[in-house]
Amino acid sequence: MANNNPRPIFFNLALIRFPANAVVSALHRISGVILLFFIPVVVYLLDFSLRDKESFVWVTEFFSSLPVRLVGIVALWALLHHIFAGIRFLLFDIHMGKIVKDYRPSWSARITSILALVVTLLIVGVLW
């Protein structure tokens, strides 16, 4: 009995090349989750730093350590990517950019990813 099923027997997800739109959509969700966990921590640290002088000194020393700075860079990228991808999705919702008949939104996905990375690196370069 021959197997006429066209589905793959072993489905290796590492070998799949996702389109740029799928990558940006997934990164938009991931950056949202990162922000969900990061923003309450930053708000707490801001509140803690405003209590007294010793708290302020502790928070500034905490933010000057290398691991916290690296986490901050990831959080900054998450914020910027989430903003740029959100603007891209909002523009799609109002049908901006779909004038061309054979429109492919992958160029805007690539621009979104590159723009978030470049702006993150520029801000880190200025602040570091």
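The values are calculated or read from the model by the stated rules, or taken from the named source; none is laboratory data. Not measured: the values here are computed from a predicted model. So basically every Cβ, Gly included, is an ideal-geometry build from the backbone, and we count neighbours across all protein chains shown. Surface accessibility is based on the protein's heavy atoms, side chains included, excluding ligands, DNA and RNA. Shrake-Rupley method; radii C 1.70, N 1.55, O 1.52, S 1.80 Å.
Among the listed residues P6, P67, identify the single one that is assigned to a loop (DSSP other than H, G, I, E, B), out of contact with any helix residue (DSSP H, G or I) (no Cβ under 9 Å at 6 or more places or on another chain) and either of a type outside the set (A, V, I, L, M, F, W, C) or under 24 Å from S113 (Cβ atoms) (or both).
Going through P6, P67 in turn, just one is assigned to a loop (DSSP other than H, G, I, E, B), out of contact with any helix residue (DSSP H, G or I) (no Cβ under 9 Å at 6 or more places or on another chain) and either of a type outside the set (A, V, I, L, M, F, W, C) or under 24 Å from S113 (Cβ atoms) (or both): P6.
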Among the residues in segment 53-60, are any basic (K, R), over 17 Å from L127 (Cβ atoms), at pLDDT 95 or above and not in a helix (DSSP H, G or I)? no
Could we say that V118 is at pLDDT below 95 and in a helix (DSSP H, G or I) here? no
Restricting attention to segment 1-42, report how many residues are of a type in the set (A, V, I, L, M), at pLDDT 90 or above and open to solvent by 80 Å² or more (accessible area, probe 1.4 Å). 3
So L27 ticks every box in (1) in a loop (DSSP other than H, G, I, E, B); (2) in contact (Cβ under 8 Å) with a residue 40 or more places away in the chain; (3) of a type outside the set (G, A, S) but one. Which box is left unticked? (1)
